[in-house]
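I have placed the structure first, in the form of structure tokens, so that the comments after it can refer back to it.
The values are calculated or read from the model by the stated rules, or taken from the named source; none is laboratory data. Just so it is clear, the structure is predicted and the values come from calculations on it, not from any experiment. Note that each Cβ is placed from the backbone with ideal geometry, even for glycine, and that neighbours are counted across all protein chains shown. Note: areas computed on protein heavy atoms with side chains; ligands, DNA, RNA excluded. Shrake-Rupley method; radii C 1.70, N 1.55, O 1.52, S 1.80 Å.
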Amino acid sequence: MIKKIDHIGIAVNNISEQLVYYRDILGLPFVGEEEVQNQQVKVAMFQAGEIRIELLEATSETSPIAKFIAKKGEGIHHIAYHSDNIQNDLDNAKEQRIRLINETPQQGADNKKIAFMHPKSTFGVLTELCSEE
Ligand code: ZN
């Protein structure tokens with residue numbers, strides 16, 4: 001079951017160029033930075049109340065983030081909802097004819113399990129489900 005928004009993913013060309021904006025101008029606490037190899041991204045996280053802002057920088061030209069930026073430019077990439085049972089929610093969405101990018105949860109940033117639903121069947125919003133396990 002979906003509980004709340006967990007984070008908002010933003011595609012960026014260069015994380016270090018945007019640190020000043022999020023950390024110093026908006027004043028959001030910087031949580032940390034890590035590389036998620038299976039997603040070919042570097043991730044920087046900021047805390048905004050209960051929600052995190054996740055900056056995503058491609059680590060290779062074949063990264064989904066590189067493709068996204070080539071097509072649409074920098075900006076909001078996805079909305080992530082916190083789920084208490086990703087597999088259940090995925091199965092349920094699939095039953096309702098939602099196209100899934102990941103049929104099973106993958107390893108994501110922040111030691112979370114994540115799965116994406118395709119924006120073509122979620123009204124243009126790339127949607128991620130995530131959970132702690
Ligand atoms: Zn995310």
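Helices in the chain, meaning DSSP H runs of at least 4 residues, each add -39500 (n - 2.57). Divided by all residues, the mean residue ellipticity at 222 nm is -5000 deg cm²/dmol.
Bridging of residue 67 to lysines at a Cα separation below 26 Å is possible for 42, 94, 112, 113, 120, once same-chain residues fewer than 8 apart are set aside.
Projecting the Cα atoms of 122, 82, 107 onto the charge dipole of the chain, computed from C-beta unit charges around the Cα centre, puts 122 farthest toward the positive end. Taking K and R as +1 and D and E as -1, what net charge do the other residues with C-beta under 10 Å from the C-beta of residue 131 add up to? Once positives and negatives cancel, what remains is -2. Applied to segment 119-130, the Karplus parametrisation 6.51 cos²θ - 1.76 cosθ + 1.60 on θ = phi - 60° returns per-residue 3J(HN,Hα) values of x, 5, 10, 10, 6, x, 10, 4, 10, 10, 10, 9 Hz, with x for Gly and Pro. Annotation: per residue accessible area for segment 19-112 equals 60 Å², rounded to a whole number [probe 1.4 Å, protein chains only]. Would you work out if segment 75-133 is rounded, prolate or oblate? Take a ≥ b ≥ c from the square roots of the eigenvalues of the alpha-carbon gyration tensor; rounded if a/c is under 1.5, else prolate when a/b is larger than b/c, oblate otherwise. Oblate, since a/c reaches 1.5 and b/c is not below a/b. For segment 37-95, a/c is not less than 1.5, where a ≥ b ≥ c are the root eigenvalues of the C-alpha gyration tensor, and a/b does not top b/c. That puts it in the oblate class.
Inter-label distance, residue 133 to residue 31: 2.0 nm, where each label sits 7 Å from its Cα along the C-beta direction. Note on the chain: with neighbouring protein chains present and a 1.4 Å probe, carbon and sulfur make up 50 percent of its accessible heavy-atom surface. Given R0 = 30 Å, the distance between the Cβ atoms of residue 60 and residue 5 translates into a calculated FRET efficiency of 0.60. Modelled spin labels at residue 95 and residue 16, positioned 7 Å past Cα toward Cβ, are 4.9 nm from each other.
Each listed q (0.12 Å⁻¹) maps to a log10 I(q)/I(0) for the chain, found by the Debye formula over equal Cα scatterers with no solvent: -0.44. Based on Cα contacts under 8 Å between residues 6+ apart, the chain shows a relative contact order of 26 percent. Label-to-label distance, residue 118 versus residue 50, with points set 7 angstrom from Cα along the beta-carbon direction: 3.2 nm. Residue-wise HN-Hα couplings along segment 100-113, as the Karplus relation 6.51 cos²θ - 1.76 cosθ + 1.60 with θ = phi - 60° gives them from phi, are 9, 7, 10, 6, 10, x, 10, 6, x, 5, 6, 6, 9, 8 Hz; Gly and Pro carry x.
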